[in-house]
Amino acid sequence: MTVTTGTRADGRRVHVVHNCSWEPVRVGAPVELPDVLSDDGVPAGTELQLGAWDVRVFV
């Protein structure tokens, strides 16, 4: 799993979480994270599951 973080022009942080394996993985959200690709919010403490070669993008 890799996490890449950058900063948008408006100052908000963007986090790209990528599972670089054939096995599903789980990761906990440390803070509330709006999901850019699905417009869903992920509450702090929620366990996210990423499938094989999955990617999630949060702001």
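Since every read-out is calculated from the coordinates, none of them should be taken as a lab result. Keep in mind that this is a model prediction, so the values were computed, not measured. With ideal geometry, Cβ positions are generated from the backbone for all residues, glycine too; neighbour counts draw on all protein chains shown.
When the Cα positions of Ser38, His15, Leu48 are compared along the charge dipole of the chain, His15 comes out farthest toward the positive end, with charges on each C-beta of Lys, Arg, Asp and Glu.
Spherically averaged projected area of the convex hull of Cα atoms, the chain: 3.8 nm².
Dipole check for region 2-58: with +1 at the C-beta of Lys and Arg, -1 at the C-beta of Asp and Glu, and the Cα centre as origin, the magnitude is about 220 Debye.
Taking amide H positions as modeled 1.01 Å from N, with prolines and chain starts lacking one, the residues under 5 Å from Asp54 and 5 or more places away or on another chain are Asn19, Ser21. For region 44-55, 3J(HN,Hα) computed residue by residue from phi via the Karplus equation (6.51, -1.76, 1.60; θ = phi - 60°) reads 4, x, 5, 8, 9, 10, 10, x, 4, 6, 7, 9 Hz, glycine and proline entered as x.
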